[in-house]
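The block underneath contains the structure these notes are about, expressed in structure tokens.
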Amino acid sequence: MARHHSSNIRPADDDDALREAIAALRAGQLVGMPTETVYGLAADATNGEAVARIYAAKGRPSFNPLIAHVADLEAAERLVLFDPVSRRLAEAFWPGPLTLVLPKRAGAGVSDLATAGLDTLAVRMPSHPAAHALLKAFGRPVAAPSANRSGHVSATTAAHVAEDLGSAVAIVLDAGPSHVGVESTIVAATPAGLALLRAGGLPREAIGAVAGMPLAIVDLTDPEAPTAPGQLASHYAPGAMVRLDVEEVFPGEALLAFGLELPRHAENAAVTINLSERGDLIEAAARLFSALRELDGKAATIAVAPIPTTGLGEAIVDRLRRAAAPRP
Ligand code: TXA
Ligand code: MG
């Protein structure tokens, strides 16, 4: 018998457990969600702080965009814009192990942290009945990466989730081993056609057959594949210059502050956003991408106050370093 590291593993077919899982999601807590591919570490995708807790629990050194899980096609339609081919793929393969990356709708309501600031959103409709029941009853999109700590193999049983994440999850719904056992296949609709971003539980041949011949499947893992640079950029980069660890703010800069202690001459800033006055890294992560978007365009340079590199600070600073890196 598997050794349970916490007592929060509950049978997925128990109505009380389902109700507790929904209450946990509503409260911004994390839930271990069984899906047909792997177990997901689920949070309310519309709640930035809940999403920040995912990254904190996984110990991710950077913010990868997350997949929004939905119960049905209508819920997906509220989040993203389908082109005809993507719609055909959704109709053919949902519910199931296919994730579609599509343009995010204005007002989708998904936290900027879940998309890592991108204008696209990855959506998926799992086929597992326990996932479906949870998503249907919760009624909001659920962000869920694989429920393992960063760098570990994906979790395919409730015990794996508990071992890796322990008390970070309020409850793990146990539905036995995930039967697909590998993550979903990720396909992005791009102006150049369909791009396979990740091989997974749905074979590419099946996707190609439904998509039809005119659409080439670009495999980004193939170094020979012709890809347009920047087209699939998986990171939001601000247009403004980004200056890190500033001790002093120069006139006209936008200031991204953290905590109560401001850099010298903070009054020079044309505009200031404080990621968290109380110095809370979860709150700061939840605000990071929307703050960058808001400051971008208001000044030529964004001056960033020092941010601790402990906990989620590591991912926040990693993201800011990338934003500050010289661009081609
Ligand atoms: O089977 C699965 O897909 C599982 C279960 C829980 O649903 N989830 C999963 O999530 O594997 P995760 O976070 O481990 O992997 C999601 C991948 C990441 O590599 C991320 O970069 C990519 O999806 N992704 C998410 N949003 C994207 C976007 N807007 N553009 C490009 N890639 C995106
Ligand atoms: Mg993963």
Kindly indicate the residue of segment 124-146 that is modelled with pLDDT of 95 or more and small (G, A, S) and also farthest from L30 (Cα to Cα) among those meeting that condition.
S127
Residues A106, A114: which one is more than 28 Å from D14 (Cβ to Cβ) and within 16 Å of ligand 2 (Cβ to nearest atom)?
A114
For segment 182-199, what are the residues that are within 10 Å of ligand 1 (Cβ to nearest atom) and either closer than 21 Å to K58 by Cα or touching a Lys or Arg at 6+ places or on another chain (Cβ under 8 Å) (or both)?
V182, E183, S184, T185, I186, R198
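Which strands (runs of 3 or more DSSP E) does segment 237-315 wholly contain that include 3 or more residues that are modelled with pLDDT of 95 or more?
254-257, 271-274, 301-304
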Leading residue by the ranking (nearest to the chain's Cα centre (by Cα)) among those in segment 149-169 that are within 16 Å of ligand 2 (Cβ to nearest atom) and among the hydroxyl-bearing types (S, T, Y)
S150
Would you be able to say whether some residue in segment 32-40 is closer than 18 Å to L165 by Cα, more than 16 Å from ligand 2 (Cβ to nearest atom) and outside any helix (DSSP H, G or I)?
no
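Residues are listed down the side, and each one gets a yes or a no for (1) in a helix (DSSP H, G or I); (2) of a type in the set (A, V, I, L, M, F, W, C):
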residue	(1), (2)
H132	yes, no
A137	yes, yes
N148	no, no
G151	no, no
A155	no, yes
A159	yes, yes
A162	yes, yes
Quick check: is even one residue across segment 83-99 of a type in the set (S, T, N, Q) and out of contact with any Asp or Glu (no Cβ under 9 Å at 6 or more places or on another chain)?
yes
Are there any pairs with C-beta distances below 7 angstrom linking a residue in segment 88-108 that is closer than 26 Å to P34 by Cα to a residue that is outside any loop (DSSP other than H, G, I, E, B) and of a type in the set (K, R), with the two at least 6 apart or on different chains, and if so which?
L98/R124; T99/R124
Can you name every residue in segment 288-304 that is in contact (Cβ under 8 Å) with a residue 60 or more places away in the chain and surrounded by 15 or more Cβ atoms within 10 Å (Cβ to Cβ)?
L288, F289, S290, L292, T301, I302, A303, V304
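Results for (1) under 11 Å from T35 (Cα atoms); (2) under 11 Å from the mean Cα position of the chain (by Cα), shown as yes or no for each residue.
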| site | (1), (2) |
| --- | --- |
| A114 | no, yes |
| D119 | no, no |
| A122 | no, yes |
| P126 | yes, no |
| P129 | yes, no |
| H132 | yes, no |
| F138 | no, no |
| A143 | no, yes |
| A147 | yes, no |
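The values are calculated or read from the model by the stated rules, or taken from the named source; none is laboratory data. This is a predicted model, so every value here is computed, not measured. Note: ideal-geometry Cβ built from the backbone for every residue, glycine included; neighbour counts use all protein chains shown.
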